[in-house]
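Following: one structure in structure tokens, then a few remarks.
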Amino acid sequence: MLERGLASRKVAVIAAGGTGGHLFPAQALAEALASRGWRIVLATDDRAQALANTFPAEEVIILAAATVRKGDPASLPRAAATILRGVSQGRTALARIDPAVVVGFGGYPSLPALIAAISKGRRTIVHEQNAVSGRANRLLAPFVTAIACAFPTLGKASARAQARAVLVGNPVRPQIRALADLAYDPPAVDEGEVRLLITGGSQGARLLSELLPAAIAELPEPLRLRLRVEQQTRPDSLEGARRVYADALVACELAPFFRDMAGRLAKAHLVIGRAGASTVSEIAVAGRPSILIPLKVSLDDDQGQNAQVLADAGAAQVAREDSLTQPMMTAALQALLTNPRRLARMAAAARRVARPDAAERLADLVETTAR
């Protein structure tokens, strides 16, 4: 544990957790700050302990946190009591650690640490990864020292919060950052391998796990024979998808989760996936054309707004769940995979949207904000 007051000028508490979408950009910032001599403490909830194993923190503080379940007003008093307990834990921890700044990455696990910091008059920053400001960040925005955002738009935020927001981008992992320097090489028109990367199936996306193999199976045979599909797939859909691809003579690699996402992005000619903030930002940094299928139930349509940023730039096509059909996806794939010049234009457009130095930009803001 950090001793009270030890190198306090160089201690940053980073509050994040719950999902990789919050924790991965937080980790990218932590690595950038650590390289500048900062000491890092991670404040999170107990759900993120498994994800935090590789986080470059000298200490991990587990704070009680909870959220109000949609359609369950009875969960409000329970959540409030839990958050207050987390705030008390956070105040005690901050008094001991004495950090120069507390940085929150949204989501309810960040609330206790940030509320504790605000109540003690400490310097605070919130970073919004999505094109729509989340509920936790909207709640905290009037009280924090600085606001950072990933996209030029910040939907749902107040006019004052939008005016204060500093556009830094979405921090990505170093191995993804390295792809910004790797040129996109489109497939040939009628020969050679065509590599298709499909992500998101491991998160319960039955639509991606089952509709996409069926759509690919209906492509013309000459194109199918050239395809190399790498797809994240629900465990209970693996065998079915494998049979569809085998019957269609499509080479494939299927798994619930891919660890080497940077290596797979580097080789992909086209990416299909959800539109979470990290996914959209990584696709942009890698400079890859994409078809994005926003999660229908995402809060405030944040995934839809994230996807629209790339679509407006000409870097992606957006397919909404409500209107998506297998024939539509087959047609979209055929049109893109047989048009290398269009794929190259989309890849270049993705790069223009990207901010590969987002971690360094956010680290600059942290140092400016800290005492």
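The values are calculated or read from the model by the stated rules, or taken from the named source; none is laboratory data. Computed from a predicted model, the values in this text were never measured in an experiment. Note that each Cβ is placed from the backbone with ideal geometry, even for glycine, and that neighbours are counted across all protein chains shown.
List of remarks:
- When each of Ala150, Ala161, Ala217, Ala165 is tested for being within 22 Å of Leu336 (Cα to Cα) and modelled with pLDDT of 95 or more, the lone residue that passes is Ala217.
- From Leu299, Leu336, Leu310, residue being in contact with a Ser or Thr (Cβ under 8 Å, 6 or more places away or on another chain), touching a residue at least 40 places away in the same chain (Cβ under 8 Å) and under 27 Å from Arg206 (Cα atoms): Leu310
- Options Gln49, Gln27; residue that is under 25 Å from the mean Cα position of the chain (by Cα), at pLDDT below 95 and under 23 Å from Ser298 (Cβ atoms): Gln27
- Qualifying residue in region 230-241 (condition: part of a strand (DSSP E or B), within 20 Å of Arg206 (Cβ to Cβ) and among the charged types (D, E, K, R)): yes
- Applying the condition of being within 23 Å of the chain's Cα centre (by Cα) and buried (at least 19 other Cβ atoms within 10 Å of the Cβ) to region 174-189 and asking which residue is farthest from Arg361 (Cα to Cα) yields Tyr184.
- Qualifying residue in region 95-114 (condition: among the aliphatic types (A, V, I, L, M), assigned by TED's automatic domain parsing to the domain that holds Gly21, surrounded by fewer than 19 Cβ atoms within 10 Å (Cβ to Cβ) and at pLDDT 95 or above): yes
- For region 266-283, a residue qualifies if it is out of contact with any Lys or Arg (no Cβ under 7 Å at 6 or more places or on another chain) and either free of Cβ contacts under 8 Å to residues at least 12 places away in the same chain or aliphatic (A, V, I, L, M) (or both), and the qualifying residues are Ala266, Leu270, Ile272, Ala275, Ala277, Val280, Ile283.
- The set of residues in region 207-227 being within 21 Å of the chain's Cα centre (by Cα) and either surrounded by fewer than 21 Cβ atoms within 10 Å (Cβ to Cβ) or of a type in the set (D, E, K, R) (or both) consists of Leu207 alone.
- Of the residues making up region 173-183, those that are in contact with a Pro (Cβ under 7 Å, 6 or more places away or on another chain) and at pLDDT below 95 number 0.
- Qualifying residue in region 273-295 (condition: more than 15 Å from the chain's Cα centre (by Cα) and hydroxyl-bearing (Ser, Thr, Tyr)): yes
- Looking only at region 190-206, and only at residues there that are under 20 Å from Arg234 (Cα atoms) and surrounded by fewer than 19 Cβ atoms within 10 Å (Cβ to Cβ), the one that is modelled with the highest pLDDT: Arg206
- Identity of the residue in region 134-155, in contact (Cβ under 8 Å) with a residue 60 or more places away in the chain and surrounded by 21 or more Cβ atoms within 10 Å (Cβ to Cβ), that ends up nearest to the chain's Cα centre (by Cα): Ala150
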